[in-house]
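**Student:** Sharing a structure below in structure tokens format, with a few things to ask.
Just so it is clear, none of the values below were taken in a lab; they were calculated from the coordinates. None of these values were measured; they are calculated from a predicted model. For neighbour counting, all protein chains shown are included, and Cβ atoms are generated from backbone atoms with ideal geometry for every residue, glycine included.
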Amino acid sequence: MERSISPDSILLLKTAQTAGVTTAWDRYEAQLPQCGFGETGLCCRHCLQGPCRIDPFGVSGPKYGICGASADVIVARGLARSIAGGTSSHSAHAKHLAHTMLKFSRGEAPDYGIKDKDKFYAVLQRVGITRDGKSDEELAGELAQLALDEFSEREEPPVWLKTTITPARMQKFEQLGLVPPGLDSAVAEVMHRTTNGVDADAVNILLGAIKCAVGDYTGMYLATDLSDILFGTPAPVMARANLGTLKENAVNIAVHGHNPVLSEVIVAQAELMRDEAIAAGAPEGINLVGICCTGLEVMMRHGIPSATNSLSQELAILTGALDAAVVDYQCIMPSLPMVASHYHTAIITTMSIAKITGAHHLEFDEKHAGQKAQEIIRLAIEAFKKRDPAKVNIPPVVNDAWAGMSAETIVKVLALVDPEDPLKPLLDNIVNGNILGVCLFAGCNDVKITQDKTFVELVKALVAENVLILCTGCAAGSFARHGLLTPAATEKYAGPGLKAVLTALGQAAGLGGPLPLALHTGSCVDNTRAASIATALANKLGVDVSALPVVATAPEAAMEKAVSIGTWAVAMGLPTHVGVVPPVTGSPLVVQVLTQTAKDLFGGYFIVEPDPQTAAAKLVAALKERRAGLGI
Amino acid sequence: MKRLFVRPELCTGCKTCEIACTVEHSKNKHLLGAMMESPPPHTRVYVEAVLNGHFDVFKMPMTCRHCDPAPCMAACIPQAMYRTVEGVVTNVGGLHACIACGMCVMMCPFGMIARAPALDGKVMALKCDLCPDRAVPACADACPTGAILFLEGDDFAHQSRLRASVILSNAKSLRETTITQSLEE
């Protein structure tokens, strides 16, 4: 099996081999064969009497765990806990932003402010905070407190849930008991009901897991709102991608992880410290690049290049030109210091909850954000001085990439066609069939399959069928790496209807050509941007999201966060494709609930299909079924 | 004599057999103690993976066949490798000492011999001894799916025949239905 189809990854994987540096791909091979009980979800370690394992063949081994839990219960419990893991990650991200906003409101975070007042006031109105002549600081304090209250347990449904989904969907969640009383309490409830001796009905456990995933949606929506208010709502920006964006004559610093709280300040300070870098012998100053979603956050707000993403993060070090990787949290490989030990690269951890043995820890705090960012950049400049020119090996691969297609941006572009009714041009083109439907690409890269192959083949198959593509997270990173976030890709790959629409919109926006083939809607925490467009369309038509020709896919999913996102996408009513087989196959019942019963309950359901062409056919069929349902 | 037999179609790749074998060939004979030992104890059974493509990994438990004649015995210059009266091919407890020359490692067609430190620290050829202290070797005893079996050769073949017979009996009823249908037509 090929490891990657990304040309920069391929080149640097060869370097790794020659230099004897171990990467995730090598460690995956060392893990083979992987334990089949884990692969099928049939291993339970939730109590100290275990591990218990159910015989997946049902031949001679046990059919029940020590406590009596069946294969169905064990698989459902495992899935629920992984959704709780994903939800916790997004919730922590959201709370971090809320705390930053609260500190700003108290004058304790001087390097932050209200960057997008329009969005600030719009969000205040949506969540029901009246302005009443209060100062922005006071209002920010109220908003941050309301946001933090979402995480604890209360009697009212979460504000960011009930104000952002269709009334029909809210009613459905209430009927099924899927409204979490609080976002952190949703996680705690899953941990409780999946511990030994609590919930032992697989379907009931799955419903509990879906409730948690609804909490995940809510936290993510909140996170995106607060990020936009603090750092600006993304607007179209031309950036670049691939590891060729590292520069031989600059101090190269990668911001890596997920949260923009630190990286935004690094972007601001790097500009001011250019001369220090030049004095250290880097004529081009400081070159900031992004890895993973922290990278996408600064890409869509500042046009910072996206060097690479989660699976290939180690390869950035193998260029020999990366002077520092500044990391916050999530998807950061513990192996980075090991790889960096072959080079001069400084790995700098910054969060108290995310340290890595062997890395340099420089704890970040919002009160001294600017000063901390300067210290971090100075560490990078010091590391640059130790760079070995003989080891520099930057692959000559760079692609253009349009980013910043937030929901607000998409509506603004549509408003250029119809200022009175911005959604009308999109709806008209869906109705007349120029656009077959919309597909959101999300999720990770997964070492078990060739990096980017499923992303690229699936998207090419869908755009040929005139499917409008939104993308987030590593999907956006992957498309950027392959030049698919460009007008040229639209010319080359889009079906005639889609091409006509993207060209009309691009010309209205003054691009002189079509919009890019896929619209980069944000980082992985930003998936609710796409959901908000779907909700707006549904509300306009007076139907629920589950009636719309909208689907989602995580073709190369890897992380627990992808599991929780996929689950809320299903709960919101979207047919959701996954291109890797999740650890649920040990329970035919769980598989049936996720892929079939869910359709009756929510309209959304999972489609598991590793082959990109077959997956495309299944997603197109799902879109056509929705169109038929609407009579178009 | 009973031997180890493998049904690869039942292997999940959990490597419980490797752990059980390692523990059985440790000083402590329990997992926690075995993990603390120096030199570390060594497995004599292995689960190998053949990566055929996306999500298609063939998992194969590899055990010593105790061949007869055994290439490892034939290649053993000091004649340390011998066959016990029970038919077990081993270099432990024989007339001559293993000199760790590695000839048996080279000759074993299945790669079932490791050259590594034994419990006393002396490097030698380490291989399956069918667990002389146990009624059933640790690997077969530990396998949670019955992919590794300790049986007489005839019994294993008999079990295989029975499984095949069930398939054939299904085919027979299908064949009869087909014949009846074609006669009716």
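**Student:** Taking the simple approach of a point 7 Å from Cα along Cα-to-Cβ for both B:I167 and A:K391, what is their distance in nm?
**Tutor:** 5.5
**Student:** Compute the FRET efficiency between A:K115 and A:D418 as 1/(1 + (r/R0)^6), taking r as their Cβ-Cβ distance and R0 = 25 Å, and round to the nearest 0.05.
**Tutor:** That gives a FRET efficiency of 0.30.
**Student:** Hey, what number do you get for chain B at 222 nm if only DSSP H runs of n ≥ 4 count, each worth -39500 (n - 2.57), divided across all residues, to the nearest 500?
**Tutor:** Working: 6 runs with 62 residues, N = 185.
Using -39500 (n - 2.57) per qualifying helix, the result is -10000 deg cm²/dmol.
**Student:** How much length, in nm to one decimal, is gained on full extension between A:D132 and A:M170, taken as 0.36 nm per residue of separation minus their Cα-Cα distance? The partial results should precede the final answer.
**Tutor:** Values: separation 38, 0.36 × 38 = 13.68 nm, distance 2.95 nm.
Between A:D132 and A:M170, full extension yields 10.7 nm more.
**Student:** Here is a follow-up. Hey, how much of the P(r) for the protein assembly as shown falls beyond 55 Å, as a percent of Cα pairs? List each step's numbers first, then the result.
**Tutor:** Working: 59405 of 333336 pairs.
Value for the protein assembly as shown: 18 percent of Cα pairs lie more than 55 Å apart.
**Student:** Could you compute Rg(Cα) / (2.2 N^0.38 Å) for chain B, with N its residue count?
**Tutor:** Values: Rg = 20.9 Å, N = 185, 2.2 N^0.38 = 16.0 Å.
Compared with the compact-globule rule of thumb, chain B sits at 1.31.
**Student:** Further question: Using packing as a proxy for protection, rank A:343-350, A:52-59 so that the peptide with the highest average count of other Cβ atoms within 10 Å comes first. Before the final figure, lay out the partial values.
**Tutor:** Working: A:343-350: 24.5, A:52-59: 19.1.
So the peptides A:343-350, A:52-59, ranked by packing, come out A:343-350, A:52-59.
**Student:** Using the crude model of +1 on Lys and Arg Cβ and -1 on Asp and Glu Cβ, and no other charge, please compute the dipole size for chain A relative to its Cα centre, in debye to 20. Walk me through the numbers on the way to the answer.
**Tutor:** On the way: 51 positive and 64 negative charges, 183 e Å.
Around 880 debye, computed over chain A.
**Student:** Lys and Arg at +1, Asp and Glu at -1: add these up for the other residues within a Cβ distance under 11 Å of A:S227 and post the number. Mind dumping the intermediate values first?
**Tutor:** On the way: positive: A:K115, A:K119, A:R301, A:R529; negative: A:D116, A:D225, A:D228, A:E264, A:E297, A:D526.
Net charge around A:S227: -2.
**Student:** Mind ordering A:231-241, A:514-524 by average Cβ neighbours within 10 Å, highest first? It would help to have the intermediate numbers written out before the result.
**Tutor:** Details: A:231-241: 21.9, A:514-524: 30.1.
Answer by packing, highest mean first, reads A:514-524, A:231-241.
**Student:** Here's something else I'd like to know. Spin-label point model (7 Å from Cα, Cβ direction): what's the A:M191 to A:T357 distance in nm?
**Tutor:** That separation, rounded to one decimal, is 2.4 nm.
**Student:** For A:A30 and A:Q613 in one chain, what is 0.36 nm times their gap in residues minus the Cα-Cα distance, to one decimal in nm?
**Tutor:** Details: separation 583, 0.36 × 583 = 209.88 nm, distance 3.01 nm.
Result: 206.9 nm gained on full extension.
**Student:** Taking the Cβ-Cβ separation of A:I10 and A:H342 as r and a Förster radius of 25 Å, what is the calculated FRET efficiency to the nearest 0.05?
**Tutor:** On the way: r = 19 Å, r/R0 = 0.78.
About 0.80, to the nearest 0.05.
**Student:** Averaging over all projection directions, find the projected area of the Cα convex hull of the stretch A:71-231 and quote it in nm² with one decimal place. Write down the numbers at each step before the final one.
**Tutor:** Details: hull surface 39.4 nm².
Reported value for the Cα convex hull: 9.9 nm².
**Student:** Can you give the local net charge around A:C444? Use residues other than it whose beta-carbon is closer than 13 angstrom to its beta-carbon, Lys and Arg +1, Asp and Glu -1. Present the calculation step by step, with values, prior to reporting the outcome.
**Tutor:** Numbers: positive: A:K448, A:K561; negative: A:D446, A:D452, A:E556, A:E560.
Residues near A:C444 contribute -2 overall.
**Student:** Based on DSSP H runs of at least 4 residues, each adding -39500 (n - 2.57), what is the mean residue ellipticity at 222 nm of chain A after dividing by all its residues, to the nearest 500 deg cm²/dmol? Mind showing how you got there, number by number?
**Tutor:** Values: 27 runs with 315 residues, N = 632.
After summing the helix terms and dividing by residue count, I get -15500 deg cm²/dmol.
**Student:** Now for a separate question. Please give the residues of the stretch A:421-465, grouped as numeric ranges, whose backbone N is less than 14 Å from a label point set 7 Å along the Cα-to-Cβ vector of A:V581.
**Tutor:** Taking a point 7 Å out along Cα→Cβ of A:V581, the residues of the stretch A:421-465 whose backbone N falls under 14 Å are A:448-449.
**Student:** Could you compute the net charge surrounding A:T294? Neighbours are other residues with a C-beta less than 11 Å from the C-beta of A:T294; K and R count +1, D and E count -1. Don't jump to the answer; show the numbers that get you there.
**Tutor:** Values: positive: none; negative: A:E264, A:E297, A:D328.
Every neighbour counted, the sum reads -3.
**Student:** If you take the Cα Rg of the stretch A:243-391 and divide it by 2.2 N^0.38 Å, with N the number of residues, what do you get?
**Tutor:** Values: Rg = 13.4 Å, N = 149, 2.2 N^0.38 = 14.7 Å.
My calculation over the Cα atoms of the stretch A:243-391 gives 0.91.
**Student:** P(r) of the stretch A:309-383 in 10 Å steps, Cα pairs, percent per bin?
**Tutor:** Reading upward from the zero bin: 21, 53, 25, 2.
**Student:** Springs between alpha-carbon pairs under 10 angstrom, Gaussian network model over chain B: which of B:G111, B:G153, B:G53 fluctuates most?
**Tutor:** Most flexible of the set in this elastic network: B:G53.
**Student:** Just order A:428-439, A:566-577, B:86-97 by mean Cβ neighbour count inside 10 Å, highest at the front, would you? Before the final figure, lay out the partial values.
**Tutor:** On the way: A:428-439: 19.7, A:566-577: 28.2, B:86-97: 15.8.
Result, highest mean first: A:566-577, A:428-439, B:86-97.
**Student:** Quick check on the stretch A:338-427: what does the Kirkwood estimate of hydrodynamic radius come out to from the alpha carbon pairs, in Å? Don't jump to the answer; show the numbers that get you there.
**Tutor:** Details: mean 1/r = 0.0564 Å⁻¹.
In the stretch A:338-427 this quantity evaluates to 17.7 Å.
**Student:** Okay, moving on. Listed here are the pairs A:K499/A:K618; A:K424/A:K618; A:K14/A:K247; A:K95/A:K211; A:K63/B:K59; A:K162/A:K540; which of them are more than 25 Å apart at the Cα?
**Tutor:** Listed pairs above 25 Å: A:K424/A:K618.
**Student:** Consider all pairwise Cα distances in the stretch B:64-127 and report the whole-number % of them above 17 Å.
**Tutor:** Values: 619 of 2016 pairs.
Looking at the stretch B:64-127, the distances longer than 17 Å represent 31 percent of pairs.
**Student:** Could you tell me which of rounded, prolate or oblate describes the stretch A:1-143, using a ≥ b ≥ c as the square roots of the eigenvalues of the alpha-carbon gyration tensor, with rounded for a/c under 1.5 and, failing that, prolate when a/b is larger than b/c and oblate otherwise? Before the final figure, lay out each step's value.
**Tutor:** Values: a/c = 3.65, a/b = 1.61, b/c = 2.27.
Oblate, because a/c is 1.5 or more while a/b does not exceed b/c.
**Student:** So what's the gap between the Cα centers of the stretch A:599-614 and the stretch A:161-229, to the nearest angstrom?
**Tutor:** Using only Cα atoms, the two centres lie 21 Å from each other.
**Student:** Quick query: amide H of A:L440 versus all other amide H atoms, modeled in the peptide plane; which residues come in under 5 Å with a sequence gap of 5 or more or a different chain?
**Tutor:** The list, which skips near neighbours in sequence, is A:L470, A:V551, A:A552, A:T553.
**Student:** Related question: Just counting partner chain Cβ atoms within 10 Å, what average do the residues of peptide A:27-37 show around their Cβ?
**Tutor:** Working: counts 0, 1, 2, 0, 2, 8, 15, 7, 7, 10, 6.
So the per-residue partner count for this stretch is 5.
**Student:** Can you tell me the FRET efficiency between A:A122 and A:Q507 if r is taken as the Cβ-Cβ distance and R0 is 22 Å, rounded to the nearest 0.05? Before the final figure, lay out the partial values.
**Tutor:** Numbers: r = 28 Å, r/R0 = 1.28.
Computed FRET efficiency for A:A122 and A:Q507 comes out at 0.20.
**Student:** How many nm is it between the label spots at A:R274 and A:A488, if each spot is 7 Å from the Cα in line with the beta carbon?
**Tutor:** So the two model labels end up 2.7 nm from each other.
**Student:** Cα centroid distance between the stretch A:1-71 and the stretch B:148-185, in Å?
**Tutor:** So the two Cα centres are separated by 35 Å.
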